[in-house]
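Worksheet for the structure shown next.
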Amino acid sequence: MTARSIRATAAAVLAGVLAIGAAACSSPGGTGRQGAKDAAVVGIAYEPETLSPLLGYGKDGNSKLFDGLLAFDADMKLRPALATALPEVSADRLTYTYKLRQGVRFSDGKPFSAKDVVFTYTRILDPKTNNPSKGELDAVKSVEAKGDDTVVFTLGYPYAPFAERTVLPVVPEHVAARQDVNSGAFSGAPVGTGPYTLVKWSKGEKITFAANPSYWGGAPAVKKFTMAIIKDDDVRATRLRAGDLDGAILPPNLARTFRNDEGRKTYAAKTYDYRNVTLPTANKVAGDTAVRQALDLAVDRRAMVDRILDGAGKPAHGPVPTGSEWFAAGTERPHDLTRAKAILDAAGWKPGADGIREKDGVRAAFPLWYLSGDKLRQDHALAYASDAKKAGLDITTQSGTWEVIEPRMKQDAVLAGGGSPGDPDFDQYNLLKSTLAGDGFNNMASYADATVDRALDDARKSGDRAVRKSAYDTIQRELVKNPGYTFLTHVDHLYVVNDRWSGLTTQVEPHDHGLAFGPWWNVEKWAPKK
Amino acid sequence: MARLAARRVLAAGPVLLAVTFGVFAVAAASPFDPVKAYAGTAGLTASRGDLDQLRANLGVDQPFVERWWNWLTSALTGDLGDSSALRQPVADVIAERVGWSVLLAATAFLLAVLLGTALGVLAARRGGRLDRCVSSAAYTLEAAPVFWLGLLAIWLFALKLGVLPAGGLTDTASDTVTFGQTLSHLVLPAAVLGLSQLPWFFLYVRQGVGDALAQDPVRGARARGLAERTVLTGHALRSGMLPMLTLIGSRVPELITGALLVETVFSWPGIAAATVQAATSVDFPLLAALTVLATAAVLLGNLLSDLLYGLADPRVGFDG
């Protein structure tokens, strides 16, 4: 090969590379920016791993692309969606029968029927399906179709909140059955019956939806809906201010900067999202009932809400928020340092030389872990430790990733979070049931209380609302006498949205972050203002 | 030349093997739990039994040597496996993203080489005002971390002046990728990445051409009364460029790490985000494939610079 021919080859290669680069950036069609009235762009902090309900997407309802048999309204009451009515429940509470809506079509034009429902549930419960939330359907023994318009669920044990689980999205069998459930294209190119269809999911950047003109619930007025994924809070706020976004979720300190903005409104969504401290039973100090009771009284929840949450939240006295209908009135525990000290004195925890209490040679000290990088949890942990110090308890705060924290969970306290508004069972069973102690992240404190165990089972089995309410009241009262966790706050989620639409509301939100929450939980019902 | 290339390709095999083996070993030793990463928040309420089932499905409890061997044998048959972090086949992940990364890196590289060379030649006659300005700017740039440059560029051009978009591949409200939009979104990331590489080329060329200007052939050319421009481009540039050709290859690894940071800062949908996600989720198949790609790019870069060197200076030859 001569130098000349080599040079020519090199030039050809270089030209080829450039051509590929140029080809990669041109794609046919397309328009410029559309500031249309019927389009909305919102900024969210979280990107889903998948859009396939079979892998867990949209399990709590509101998935935009899909519908469940039932759906939650703004007050978290169940209403029919793909079913025509709430299910008929047999007397032994083991059989749930759903009548299905007729004439519904998937966005590819194929009709929806009972076999799609059966497929969805059986595929999720298939052990080969990597759906980490499948435990939520643990009660299901079998799902059967009776004709095209009826689906019957048979449960293995009576499970009162089962209907709340059937908000999970139904997928088309004719599409999803043909591919690998764990890595098939359906995860990124879903087909559903929902009010929107997916236009494009540019991973790490945004998800674009288009209104489904033939939606059975009526075509949405917002024709185009884009969710931009912007992990950084400051960038999200800046792009909202620059007009790039019509709305965004923001932390309290940034939401405040939009307070006097005429064209934008701030929505504070009430939540079940609590922050609590796990007090592991195996720890000599944190496991002592007197210490637990004292901590419950020593923490100043009001101050945490005012200073850490900037007022956007509520003091938490248990997993159930004080505003909920399931809250047991009278279980509020106002800040009372004097009584906290008295309880510790009475239990034999006497102040030592450095002001930290001791009992039988054991120093009243234990570590408290929080997730590193989570500012909200860090602030809660520091406030908790400082309140405890005033009562003579020495809590050392330490930060780490879950990999660091998990092996220590049995012995050390953890600043945890959780909350699910669908039904009190969702939170409390996993949090308090003694048989679930140390099972994954369930019952992290290894809490064990016979009265609570019994009440959890009663509440789960009974179909009678009054019976259930009284059981959950019992649990909340028992938690005052024998706390395994110190509940600190329920955190409001703040959203700032352009005041261009009418019909905006927020739903009661869970701890989880997702696409479906925020004022856009019902974007299909929005109407542009004149 | 063909022999050099063939030898390098033969050597690349063992290198790539060792690198992928190392990736599997390091990932297996890391404290991250792939099952927990896969389950995300749902893992916080999942029972031990469900998590164990997930562990078995993902096949992450096998020893890493076995996993590596399985990955390798199926990769050789063209099956790169499925990415657990992104829930799609690895081949799709790479096909979707690598083009954008190549576009960004190639534009930046071209910018750095062309601008660096031009400025270097201009500054080669040392002591001038241009030389002083550009040289001090180059030293400053060399010391500046690329992500910091990126943030600075966003602050100035996107926030203060509002002339260029702060990130992404297209406007937020748009769902189609058009040439014009991509171009305007490419400007900032490519400029930042290019600028971060520019000082190396600039300083090498300046040095090389400066030295060449002091050598006999140049003096001879000047003495024969050739125009200054001819002397500079025809004589000095040719020998002064030699060190830079080696540099082109050796900058490839820097370019790749730089691109990772730039893509993250500018939400550029390239392979960077996937790489970070693959690493923190212990997503073996994706991580291994991306590492192979990066290693291959580095090896190719080295080969390219050796070939260029051989072309530019026949004395070096291709077998040296």
key: Scope segment A:79-95; condition out of contact with any helix residue (DSSP H, G or I) (no Cβ under 6 Å at 6 or more places or on another chain) and closer than 28 Å to residue A:517 by Cα; matching residues   = A:79, A:80, A:81, A:82, A:83, A:84, A:85, A:86
key: Number of the condition not met by residue A:480 [criteria: (1) open to solvent by 10 Å² or more (accessible area, probe 1.4 Å); (2) over 28 Å from residue A:332 (Cβ atoms); (3) touching a residue at least 40 places away in the same chain (Cβ under 8 Å); (4) not aromatic (Phe, Trp, Tyr)]   = (2)
ask   = Regarding residue B:116, is this residue outside any helix (DSSP H, G or I) and more than 8 Å from every other protein chain (Cβ to nearest Cβ)?
value = no
message = What's the total number of residues in segment B:242-268 that are over 21 Å from residue B:145 (Cα atoms) and either modelled with pLDDT of 80 or more or surrounded by 23 or more Cβ atoms within 10 Å (Cβ to Cβ) (or both)?
response = 1
ask   = Would you pick out the residues in segment A:241-253 that are facing chain B (nearest Cβ under 10 Å) and open to solvent by 40 Å² or more (accessible area, probe 1.4 Å)?
value = A:241, A:242
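Rundown of residues vs (1) away from chain B (no Cβ under 14 Å); (2) farther than 19 Å from residue A:212 by Cβ, yes/no style:
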{"site": "A:101", "(1), (2)": "yes, no"}
{"site": "A:110", "(1), (2)": "yes, no"}
{"site": "A:117", "(1), (2)": "yes, yes"}
{"site": "A:122", "(1), (2)": "yes, yes"}
{"site": "A:125", "(1), (2)": "no, yes"}
{"site": "A:128", "(1), (2)": "no, yes"}
{"site": "A:146", "(1), (2)": "yes, yes"}
{"site": "A:153", "(1), (2)": "yes, yes"}
{"site": "A:164", "(1), (2)": "yes, yes"}
query = Name the residues in segment A:372-417 that are open to solvent by less than 40 Å² (accessible area, probe 1.4 Å) and over 22 Å from residue A:300 (Cβ atoms), would you?
reply = A:400, A:405, A:409, A:412
task = Determine if segment B:203-222 includes at least one residue that is in contact with a helix residue (DSSP H, G or I) (Cβ under 8 Å, 6 or more places away or on another chain), at pLDDT 90 or above, closer than 18 Å to residue B:113 by Cα and more than 8 Å from chain A (Cβ to nearest Cβ).
result = no
inquiry  = Looking for something within 12 Å of another protein chain (Cβ to nearest Cβ), closer than 15 Å to residue A:107 by Cβ and open to solvent by 40 Å² or more (accessible area, probe 1.4 Å) - is there at least one such residue anywhere in segment A:200-217?
reply    = yes
ask   = Is one or more of the residues making up segment B:48-60 touching a Ser or Thr at 6+ places or on another chain (Cβ under 9 Å), open to solvent by less than 60 Å² (accessible area, probe 1.4 Å), away from chain A (no Cβ under 13 Å) and hydrophobic (A, V, I, L, M, F, W, C)?
value = no
message = Restricting to segment A:97-115, name every residue that is under 26 Å from residue A:420 (Cβ atoms) and open to solvent by less than 30 Å² (accessible area, probe 1.4 Å).
response = A:98
ask   = When the residues of segment A:32-84 are filtered to those that are part of a strand (DSSP E or B) and within 10 Å of chain B (Cβ to nearest Cβ), which remaining residue is surrounded by the fewest Cβ atoms within 10 Å (Cβ to Cβ)?
value = A:39
inquiry  = I'm trying to understand the selection: among the residues of segment A:302-317, which are crowded, with 19+ Cβ neighbours inside 10 Å and either more than 20 Å from residue A:447 (Cβ to Cβ) or polar (S, T, N, Q) (or both)?
reply    = A:304, A:305, A:308, A:309, A:312, A:313, A:314, A:315
ask   = If you take the residues of segment A:224-240 that are outside any strand (DSSP E or B), within 8 Å of chain B (Cβ to nearest Cβ) and among the aliphatic types (A, V, I, L, M), which of them is surrounded by the most Cβ atoms within 10 Å (Cβ to Cβ)?
value = A:230
request  = All but one of (1) more than 30 Å from residue B:237 (Cβ to Cβ); (2) more than 14 Å from every other protein chain (Cβ to nearest Cβ); (3) open to solvent by less than 40 Å² (accessible area, probe 1.4 Å); (4) not polar (S, T, N, Q) hold for residue B:86, so report the exception by its number.
outcome  = (2)
Condition met for residue B:92 (crowded, with 18+ Cβ neighbours inside 10 Å, within 13 Å of chain A (Cβ to nearest Cβ) and of a type outside the set (S, T, N, Q)) = no
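The values are calculated or read from the model by the stated rules, or taken from the named source; none is laboratory data. Everything quoted here is computed from the prediction, not taken from an experiment. Virtual Cβ from ideal backbone geometry, glycine too; neighbours counted across all protein chains shown. What goes into the accessible areas is simple: the full protein's heavy atoms, side chains included, and nothing from ligands, DNA or RNA. Shrake-Rupley method; radii C 1.70, N 1.55, O 1.52, S 1.80 Å.
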